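Student: Just dropping this structure here.
The values are calculated or read from the model by the stated rules, or taken from the named source; none is laboratory data. Here the structure is a predicted model, which is why all the values come from computation and not from measurement. Please note: Cβ atoms are built from the backbone with ideal geometry, for glycine as well, and neighbour counts cover all protein chains shown. What goes into the accessible areas is simple: the full protein's heavy atoms, side chains included, and nothing from ligands, DNA or RNA. Shrake-Rupley method; radii C 1.70, N 1.55, O 1.52, S 1.80 Å.
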Amino acid sequence: MDRVARIQADWRRERPDVDITPQGVIGRLHRLADRLTEELCLVYGRYGLGEGEFDVLCALRRAGEPYERAPGELAAHTMVTTGAMTKRIDRLERAGFVTRRRSGDDQRGRIVALTGPGRELIDRAFTDHMRNERRLLDLLTHTEAEQPLPCQASMPWSWTG
């Protein structure tokens with residue numbers, strides 16, 4: 001019996017009037033997501049990055065040359081608030097991985113650009129990240145890995161943002 005099953009057993013005893021079936025699925029998905037994040041963050045940490053910094057560097061690298069985006073665009077690409085993005089950019093700028101400059105089009109706007117060391121770092125980190133994701137995916141059989149999520153098409157919210 002896993003932790004979620006023990007919690008459900010307690011709730012069945014204490015609140016037999018409530019359907020706790022969803023807790024089994026959601027609870028296990030939540031635990032799996034936490035465990036997956038831990039495994040992914042191990043690689044980020046090897047490069048001195050947190051998950052957020054890794055995401056920012058990836059968003060800049062994916063932009064293609066000249067590897068730059070506006071902060072608001074970065075926030076949209078990484079699904080965080082502009083306030084959280086500012087903190088990430090500050091840390092990356094202090095580390096020398098990005099620079100900020102005024103936008104040529106709008107002097108009030110800013111542009112964040114990947115530096116040479118930032119590009120070298122994210123290229124190494126992303127390669128290692130993909131190896132790590134391959135390692136994790138290889139824990140599944142080919143058939144399991146190819147199966148779509150059964151609920152994906154029926155969810156009322158977007159999985160892809």
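Student: Listed residues Glu65, Glu93; which is of a type in the set (Asp, Glu) and part of a helix (DSSP H, G or I)?
Tutor: Going through Glu65, Glu93 in turn, the sole match is Glu93.
Student: A further question follows. Examine region 100-107 for a residue that is in a helix (DSSP H, G or I) and either surrounded by 10 or more Cβ atoms within 10 Å (Cβ to Cβ) or out of contact with any Ser or Thr (no Cβ under 7 Å at 6 or more places or on another chain) (or both), and state whether such a residue exists.
Tutor: The answer is no, given that none of the residues of region 100-107 is in a helix (DSSP H, G or I) and either surrounded by 10 or more Cβ atoms within 10 Å (Cβ to Cβ) or out of contact with any Ser or Thr (no Cβ under 7 Å at 6 or more places or on another chain) (or both).
Student: Name the residues in region 66-98 that are aromatic (Phe, Trp, Tyr) and in contact with a Pro (Cβ under 8 Å, 6 or more places away or on another chain), would you?
Tutor: Result: Phe97, single match.
Results for (1) in a helix (DSSP H, G or I); (2) modelled with pLDDT of 95 or more, shown as yes or no for each residue.
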{"site": "Asp19", "(1), (2)": "no, yes"}
{"site": "Val25", "(1), (2)": "yes, no"}
{"site": "Arg28", "(1), (2)": "yes, no"}
{"site": "Arg35", "(1), (2)": "yes, no"}
{"site": "Val43", "(1), (2)": "yes, yes"}
{"site": "Gly48", "(1), (2)": "no, yes"}
{"site": "Glu53", "(1), (2)": "yes, yes"}
{"site": "Val56", "(1), (2)": "yes, yes"}
{"site": "Leu60", "(1), (2)": "yes, yes"}
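Student: Does Arg35 satisfy the condition of being among the basic types (Lys, Arg), within 23 Å of Arg101 (Cβ to Cβ), open to solvent by 30 Å² or more (accessible area, probe 1.4 Å) and without any contact (Cβ under 8 Å) to a residue 24 or more places away in the chain?
Tutor: no
Let's see how each residue does on (1) over 19 Å from the mean Cα position of the chain (by Cα); (2) closer than 28 Å to Arg119 by Cα; (3) small (Gly, Ala, Ser):
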site: Asp19; (1), (2), (3): yes, no, no
site: Pro22; (1), (2), (3): yes, no, no
site: Glu65; (1), (2), (3): yes, yes, no
site: Met79; (1), (2), (3): no, yes, no
site: Lys87; (1), (2), (3): no, yes, no
site: Thr99; (1), (2), (3): yes, yes, no
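Student: Considering region 108-130 alone, what residues qualify as being among the charged types (D, E, K, R) and without any contact (Cβ under 8 Å) to a residue 24 or more places away in the chain?
Tutor: Arg108, Glu120, listed by residue number.
Student: Would you check if there is a residue in region 109-117 being farther than 20 Å from Cys41 by Cβ, in a loop (DSSP other than H, G, I, E, B) and not β-branched (Val, Ile, Thr)?
Tutor: Within region 109-117, one or more residues are farther than 20 Å from Cys41 by Cβ, in a loop (DSSP other than H, G, I, E, B) and not β-branched (Val, Ile, Thr).
Student: Here's a check for you: in region 46-95, which residue that is among the basic types (Lys, Arg) and under 17 Å from Phe126 (Cα atoms) is surrounded by the most Cβ atoms within 10 Å (Cβ to Cβ)?
Tutor: Within region 46-95, the match that is surrounded by the most Cβ atoms within 10 Å (Cβ to Cβ) is Arg61.
Student: Also, I was wondering about something else. Consider only pairs whose beta carbons are under 7 Å apart and that are at least six residues apart or on different chains; among these, list those whose first residue lies in region 55-79 and is at positive phi and whose second residue is surrounded by 19 or more Cβ atoms within 10 Å (Cβ to Cβ) and aliphatic (A, V, I, L, M).
Tutor: Tyr67/Leu60; Tyr67/Leu114
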